[in-house]
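Worksheet: the structure to be examined is printed underneath.
The values are calculated or read from the model by the stated rules, or taken from the named source; none is laboratory data. Bear in mind the structure is a predicted one, so any value in this text is a computation, not a measurement. We place every Cβ from the backbone using ideal geometry, glycine too, and count neighbours over all the protein chains shown. Each accessible area value is taken on the protein alone, full model and side chains, heavy atoms only, with ligands, DNA and RNA left out. Shrake-Rupley method; radii C 1.70, N 1.55, O 1.52, S 1.80 Å.
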Amino acid sequence: MINYLKSENYRLLHKKGLHITSVICLVLIAAAAAVLYYSGQQDQNFPYATSLFFYSNVIGSGILIIIVAFLFNLALTGKDTSLIKQSVSFGVSRNTIFWSKLILTLSYFLAICAVGLLLMIGLGENLLASEEQSVRYFLSASINMFPIVISGFFIIHVLKMLRFGEVYIIITLLFIFIFSGDLLRMLLRPISGLNELYKYAPSTLLNENLMSFLNKAVQFDYHYWVTGIVISVFSLLIGARKFAKQNIN
């Protein structure tokens, strides 16, 4: 597995798309801070040149972060899946292929997320009006978001490894992370004992996290981790099992 990880890591580092995506993400963060700062300098009554509003753009963009995760995962599960047959023919197990691609793409995604988080805090606290405990609220909300976003990454990886199309994957992500809560609420409303299940839906949790952040009442909530872990474990177990049996043409 170590040798396969090294070869995949080498190919990943030479992917221009990965580096371009990383740079674009960081530039957009800096640009957003610059626009708010400039607007605040031009108009002293501009209400949005604050660190809290700046951070809220990330807390309210869970689906966009997951789309970025899709682009990172695509680096090793896009056109490169045509090389899987060759790897298998050389004796690399499917289990090694599945988990190696996941480990590498997830590692780089988490690295850019960490850099982006530090960049946001640095810009927010130095360029914009810093509100009391805004960093603490931001970190608490980010910790709540983390398992939900990572579960999205795992879903993407599984679907790509099983050769689902990009359009299907995007639709699936939109359904789970934007519409799942409302749909579950409508479907399960008449069923006693299940009518509260929608509260655990990813879309519901992401919305509640944003509202709590804006109300300066956000704190660590285990519900996010329960939902994220359940989705992650279910996705990876089913995905690894199906990939091990999948025909490779």
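So which residues in region 181-209 are modelled with pLDDT under 90, open to solvent by less than 70 Å² (accessible area, probe 1.4 Å) and not in a loop (DSSP other than H, G, I, E, B), if there are any at all?
Once the filter is applied, which keeps residues that are modelled with pLDDT under 90, open to solvent by less than 70 Å² (accessible area, probe 1.4 Å) and not in a loop (DSSP other than H, G, I, E, B), region 181-209 yields Gly181, Leu183, Leu184, Leu188, Tyr198.
Among the helices (runs of 4 or more DSSP H) confined wholly to region 62-170, which include 3 or more residues that are within 18 Å of the chain's Cα centre (by Cα)?
Hits in region 62-170: 62-77, 94-127, 134-161.
I need a count of the residues in region 148-165 that are touching a residue at least 12 places away in the same chain (Cβ under 8 Å) and surrounded by fewer than 21 Cβ atoms within 10 Å (Cβ to Cβ).
To start, the set of residues in region 148-165 that are touching a residue at least 12 places away in the same chain (Cβ under 8 Å) comprises 148-163.
If we keep only those that are surrounded by fewer than 21 Cβ atoms within 10 Å (Cβ to Cβ) as well, we get 150, 162-163.
Residues that pass the stated criteria total 3.
Out of the residues in region 210-246 that are assigned to a loop (DSSP other than H, G, I, E, B) and in contact (Cβ under 8 Å) with a residue 24 or more places away in the chain, which is least open to solvent (accessible area, probe 1.4 Å)?
Val218
Could you please find all residues in region 38-61 being buried (at least 19 other Cβ atoms within 10 Å of the Cβ) and either among the acidic types (Asp, Glu) or part of a helix (DSSP H, G or I) (or both)?
Here is the first cut: in region 38-61, the residues buried (at least 19 other Cβ atoms within 10 Å of the Cβ) are 49, 51-52, 54-56, 58-59.
Hits for region 38-61 are Ser51, Leu52, Phe54, Tyr55, Ser56, Val58, Ile59.
Only residues that are touching a residue at least 40 places away in the same chain (Cβ under 8 Å), in a helix (DSSP H, G or I), under 27 Å from Asn95 (Cβ atoms) and within 24 Å of the chain's Cα centre (by Cα): list them for region 1-27, please.
Keep residues of region 1-27 that are touching a residue at least 40 places away in the same chain (Cβ under 8 Å), which gives 1, 4-5, 8-9, 11-12, 15, 17-18, 21-22, 25-26.
Okay, now just the ones that are also in a helix (DSSP H, G or I), so 4-5, 8-9, 11-12, 17-18, 21-22, 25-26.
If we keep only those that are under 27 Å from Asn95 (Cβ atoms) as well, we get 4-5, 8-9, 11-12, 17-18.
Answer for region 1-27, where residues must be touching a residue at least 40 places away in the same chain (Cβ under 8 Å), in a helix (DSSP H, G or I), under 27 Å from Asn95 (Cβ atoms) and within 24 Å of the chain's Cα centre (by Cα): Leu5, Glu8, Asn9, Arg11, Leu12, Gly17, Leu18.
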